[in-house]
2 protein chains.
Amino acid sequence: MSNNKKIIPRLLSGFRDKLPQEAMLKLSVLHKLSNVFDNFGFVPIETPHLEYADILSKQGGEDIQKELYKFIDNGGREVALRFDQTIPLARFISLHKDKLDLPFKRYVIGNVFRGEKAQRGRYREFTQCDFDFIGSNSIACDAEIIQVIYKALIMLGINEFTIWINNRKILNGICKHFNIKDEVLLLRTIDKIDKIGLKTVNDELCKFINKDSVSALLDIVSIKQDNSSDEFFNKIAYLKEWNIELKYGINELENLYKILSNLNIDKSSYRINFSVARGLNYYTGVVYETMLNNMKELGSICSGGRYDNLTKSFLDENISGVGASIGIDRLLSVLETNPKKTSARILIAPLSEDLFSYSYKIAELLRASDIAIEVYPDAIKLKKQLSYANKKKHEFVAIIGDEEAKSNTITLRNMTTSIQMKEVSIIKAIELLKN
Amino acid sequence: MSNNKKIIPRLLSGFRDKLPQEAMLKLSVLHKLSNVFDNFGFVPIETPHLEYADILSKQGGEDIQKELYKFIDNGGREVALRFDQTIPLARFISLHKDKLDLPFKRYVIGNVFRGEKAQRGRYREFTQCDFDFIGSNSIACDAEIIQVIYKALIMLGINEFTIWINNRKILNGICKHFNIKDEVLLLRTIDKIDKIGLKTVNDELCKFINKDSVSALLDIVSIKQDNSSDEFFNKIAYLKEWNIELKYGINELENLYKILSNLNIDKSSYRINFSVARGLNYYTGVVYETMLNNMKELGSICSGGRYDNLTKSFLDENISGVGASIGIDRLLSVLETNPKKTSARILIAPLSEDLFSYSYKIAELLRASDIAIEVYPDAIKLKKQLSYANKKKHEFVAIIGDEEAKSNTITLRNMTTSIQMKEVSIIKAIELLKN
């Protein structure tokens with residue numbers, strides 16, 4: 001009897017299924033992104049979802065420790081599910097570097113796991129798409145990553161966005177100038193300007209920075225490019241005199257702009273913003289985040305930057321890189337799903353079981369012309385088959401009765417107009433559907 | 001100091017990375033498979049990697065219990081990584097059935113986890129691609145799944161394979177005829193004929209079946225179709241008289257063949273084999289497995305069948321289905337990887353940093369014609385850039401010096417022939433590369 005007890009079908013809190021419409025959208029997005037990466041010579045790699053826990057823990061920081069899905073496997077090993085794609089990349093590069101010829105450009109698309117407090121729009125399993133340029137210090141790599149972000153979003157039909165760019169060296173220079181010791185705390189605090197507002201950030205800063213400096217400091221980190229890049233770089237040129245970090249940082253941005261400005265990229269889509277810090281402590285150079293202009297509350301849909309010590313947990317050798325990460329689930333939430341619940345354009349509706357053979361033959365002929373076809377598998381009443389096509393939103397139904405089979409034709413019903421055409425030959429049908 | 005201690009970069013036993021060549025092959029295979037599924041009106045879905053452990057355990061059987069990656073999460077829940085795509089499908093259908101209009105055709109591509117003994121060719125994380133036709137008892141669905149297997153393999157360039165077909169009803173009928181009580185044990189034993197040989201299977205059967213029956217039984221389960229289907233069905237027609245299970249089972253196969261034989265499918269690629277049992281106990285109707293003719297030792301690369309009680313653990317209502325699963329990793333092992341280590345056809349080689357801008361402009365123009373381009377990010381010596389292109393197997397290198405920038409051309413080097421063409425305009429280059 002106990003075997004017959006039903007289990008309640010349910011999902012873990014913070015996890016979810018993707019129903020067909022969302023899954024179809026996701027596949028098409030991932031396919032478009034892969035095409036962009038391929039076009040720039042990035043190659044895919046894959047790493048396991050499960051790693052030794054110490055590998056993931058080392059660089060993770062305290063927040064991550066709490067959120068890590070960690071457990072002892074049946075062999076007594078302490079293992080954990082990956083929480084990002086960067087640490088597995090560092091492990092991957094360290095393990096395989098002799099087989100990879102640097103510079104190495106990789107992308108990866110996969111799920112990561114974080115036991116965060118479940119809340120609206122936050123999931124414990126989500127898809128990250130990362131692309132990185134490993135093994136070169138050239139600013140050309142930084143420019144290329146930004147170019148890829150731009151092309152990727154345009155390919156997805158997203159036009160109204162801004163890539164906000166900064167340089168950790170500039171923030172280092174500002175800290176040095178204002179004699180701030182706890183740089184990480186400063187970065188985390190100013191990173192919140194957009195979220196909690198300038199006033200609150202001001203109050204928080206006053207707790208650990210000399211009050212007089214705070215307003216001067218905030219004036220600097222509030223600097224945003226709101227005019228042409230030439231004018232902007234002229235306006236901030238005086239900061240180069242403050243110290244060498246600021247000088248190098250600004251020079252790098254100027255070199256970055258030299259490459260970007262010659263490309264076919266809308267100049268209003270990327271701008272400098274000194275308050276962009278990116279919380280993660282491994283960044284060392286140019287950093288960026290990408291906001292939708294009309295939906296800033298969504299947060300960044302693509303962020304990244306340069307890190308000079310990717311492999312430091314594993315190797316004596318320092319291998320540097322620059323890369324970005326697209327939050328696929330966040331991105332999907334702003335794209336529209338197709339109203340169709342099927343990939344097929346036509347439903348073939350056989351009116352009796354004897355007509356299955358003919359129906360499948362017709363399906364095969366249409367598919368050979370790249371028209372996606374579904375055959376209804378039961379010879380139920382036509383009305384029911386039409387109602388099914390209505391729900392799933394097939395564009396046409398091909399009705400197959402004895403007459404059609406005899407004359408080697410189909411009756412084609414347009415599901416939008418409800419107009420039926422009789423005795424349509426397969427050649428005619430292909431012609432109609434290709435237009 | 002302890003912070004500087006290095007961690008050995010390593011993988012868990014039974015887990016592995018996919019390097020670019022293998023990952024590129026995998027992506028192209030998955031893309032081709034998705035196209036086939038789309039063409040037949042199958043839609044993708046996605047379920048989490050992690051589920052409540054009781055959901056996965058219930059239908060799993062004893063073997064699976066031992067292999068399950070099960071643990072207590074930070075919220076005290078007993079959770080587990082999925083070990084197949086069928087139980088998550090049953091949970092998915094049970095949970096969302098009001099939103100899905102049956103019949104429902106889905107595919108899913110994702111990783112599953114089994115803590116099996118690590119051994120050559122067996123991994124603890126591997127990719128499964130399942131496609132199922134849910135909510136109809138029609139034999140047309142069984143025919144369509146077999147058609148999809150055929151098309152999928154042909155699309156992947158695999159031609160020499162056999163889909164071995166059987167029907168659980170036939171095996172039930174055979175058991176009934178020979179008065180065998182432990183049907184599961186019988187199925188498991190005859191399933192091993194190809195692995196351990198007829199003689200060993202004979203000895204094993206003698207342990208629990210009357211010796212006299214064993215050879216008669218083996219004669220029956222050794223029946224394979226080795227001639228036309230008409231001749232074959234004639235030859236076995238006498239079995240229909242034995243009992244109703246055999247009659248129904250054979251009739252179903254005849255109806256299946258009626259649909260398949262009219263399609264553009266090579267008739268030697270699917271054959272009936274009474275020894276195909278498929279170990280899993282949820283199958284109730286037609287079952288099949290697919291062997292490469294020249295590599296039988298690989299085992300089945302695509303197996304499946306009909307199950308009449310998919311949702312029985314979750315619902316009172318019985319929803320039936322038929323589906324198959326492709327072992328992607330096994331499949332990849334027989335496909336050839338491309339020798340190229342890059343997705344790019346051309347490497348652009350700038351000879352000085354001043355030429356980055358021009359180089360990226362050229363790259364952008366070529367990419368606009370769908371030619372995949374990589375720009376070398378450092379202006380190192382040409383010899384080194386050429387050696388890099390040699391290793392990664394770019395087809396061409398576009399050399400960018402001051403002269404090229406001045407004349408708005410490139411020097412194009414064919415990496416196979418080492419022939420260099422000077423002063424190639426972009427239009428000319430696109431023409432050359434498109435042919």
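The values are calculated or read from the model by the stated rules, or taken from the named source; none is laboratory data. Note that the structure is predicted; figures quoted are calculated from it, not measured. Using ideal geometry, Cβ is built from the backbone for each residue, glycine included, and neighbour counts are taken over all protein chains shown.
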Quiz item: Does B:G305 satisfy being more than 11 Å from chain A (Cβ to nearest Cβ) and at positive phi?
Solution: yes
Quiz item: Do you know which of the residues in the stretch B:347-356 that are within 9 Å of another protein chain (Cβ to nearest Cβ) and buried (at least 19 other Cβ atoms within 10 Å of the Cβ) is farthest from A:K258 (Cα to Cα)?
Solution: B:L347
Exercise. Could you list all residues from the stretch A:191-216 that are crowded, with 18+ Cβ neighbours inside 10 Å and touching a Leu at 6+ places or on another chain (Cβ under 8 Å)?
Key: A:V201, A:L205, A:I209, A:V214
Self-check item: Residue among B:K267, B:K247, B:K258, B:K240 that alone is of a type outside the set (S, T, Y) and in contact (Cβ under 8 Å) with a residue 40 or more places away in the chain
Solution: B:K247
Quiz item: What number of residues within the stretch A:10-27 are hydroxyl-bearing (S, T, Y) and within 7 Å of another protein chain (Cβ to nearest Cβ)?
Solution: 0
Quiz prompt | Only listed residue being of a type outside the set (D, E, K, R), surrounded by 20 or more Cβ atoms within 10 Å (Cβ to Cβ) and more than 14 Å from chain B (Cβ to nearest Cβ), chosen from A:L412, A:L432, A:L366 | solution = A:L412
Practice problem: Could you identify the single residue in B:S228, B:S215 that is in contact (Cβ under 8 Å) with a residue 24 or more places away in the chain, farther than 19 Å from B:R306 by Cβ and polar (S, T, N, Q)? | Solution: B:S228
Quiz item: Does B:N74 fit the bill of being over 23 Å from the mean Cα position of the chain (by Cα) and polar (S, T, N, Q)?
Solution: yes
Quiz item: Regarding B:Y270, is this residue surrounded by 23 or more Cβ atoms within 10 Å (Cβ to Cβ) and among the aromatic types (F, W, Y)?
Solution: yes
Self-check item: Test set (1) surrounded by fewer than 20 Cβ atoms within 10 Å (Cβ to Cβ); (2) out of contact with any helix residue (DSSP H, G or I) (no Cβ under 9 Å at 6 or more places or on another chain) - A:F92 fails condition number
Solution: (1)
Quiz prompt | Search result, residues across the stretch A:66-97 that are closer than 26 Å to B:L19 by Cβ and among the small types (G, A, S) | solution = A:G75, A:A80, A:A90, A:S94
Quiz item: Which residue pairs have Cβ atoms under 8 Å apart, sit 6 or more places apart or on different chains, and have a first residue in the stretch A:171-190 that is on the phi > 0 side of the Ramachandran plot and a second that is in a helix (DSSP H, G or I) and surrounded by 15 or more Cβ atoms within 10 Å (Cβ to Cβ)?
Solution: A:N179/A:S213
Quiz item: Residues of the stretch A:118-160 being aliphatic (A, V, I, L, M) and under 14 Å from A:K32 (Cβ atoms), which ones?
Solution: A:V148, A:I149, A:A152, A:L153, A:I154, A:M155, A:L156, A:I158
Practice problem: Any residue in the stretch A:338-350 that's on the phi < 0 side of the Ramachandran plot: show its pairings with residues that are among the aromatic types (F, W, Y) and assigned to a strand (DSSP E or B) at Cβ separation under 6 Å, as long as the two are six or more apart or on different chains. | Solution: A:I346/A:F396
Practice problem: Tell me, yes or no, whether the stretch A:199-210 has at least one residue that is of a type in the set (D, E) and farther than 29 Å from B:V375 by Cα. | Solution: yes
Quiz item: Just checking, how many residues over the stretch B:258-274 are within 13 Å of B:I163 (Cα to Cα) and in a loop (DSSP other than H, G, I, E, B)?
Solution: 3
Practice problem: Give the residue that is nearest to B:S343 (Cα to Cα), with candidates limited to residues of the stretch B:376-391 that are crowded, with 19+ Cβ neighbours inside 10 Å and at the interface with chain A (Cβ under 7 Å from one of its Cβ atoms). | Solution: B:Y388
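Rundown of residues vs (1) more than 14 Å from chain B (Cβ to nearest Cβ); (2) touching a helix residue (DSSP H, G or I) at 6+ places or on another chain (Cβ under 9 Å), yes/no style:
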site	(1), (2)
A:N281	no, yes
A:K296	yes, yes
A:N318	no, no
A:D370	no, yes
Self-check item: One residue from B:N234, B:N202, B:N227, B:N262 being of a type outside the set (G, A, S) and modelled with pLDDT of 95 or more
Solution: B:N234
Quiz item: Of the residues in the stretch A:222-262, how many are under 27 Å from the mean Cα position of the chain (by Cα), of a type in the set (G, A, S) and crowded, with 17+ Cβ neighbours inside 10 Å?
Solution: 0
Quiz item: Do we find that A:V286 is within 14 Å of chain B (Cβ to nearest Cβ), of a type in the set (A, V, I, L, M), under 24 Å from A:S136 (Cβ atoms) and crowded, with 22+ Cβ neighbours inside 10 Å in this structure?
Solution: yes
Exercise. Scan the stretch B:126-145 residue by residue and report those that are over 18 Å from B:D308 (Cα atoms) and surrounded by 21 or more Cβ atoms within 10 Å (Cβ to Cβ).
Key: B:T127, B:C129
Quiz item: (1) at pLDDT 95 or above; (2) not in a strand (DSSP E or B): which one isn't true of A:A349, the others all being true?
Solution: (2)
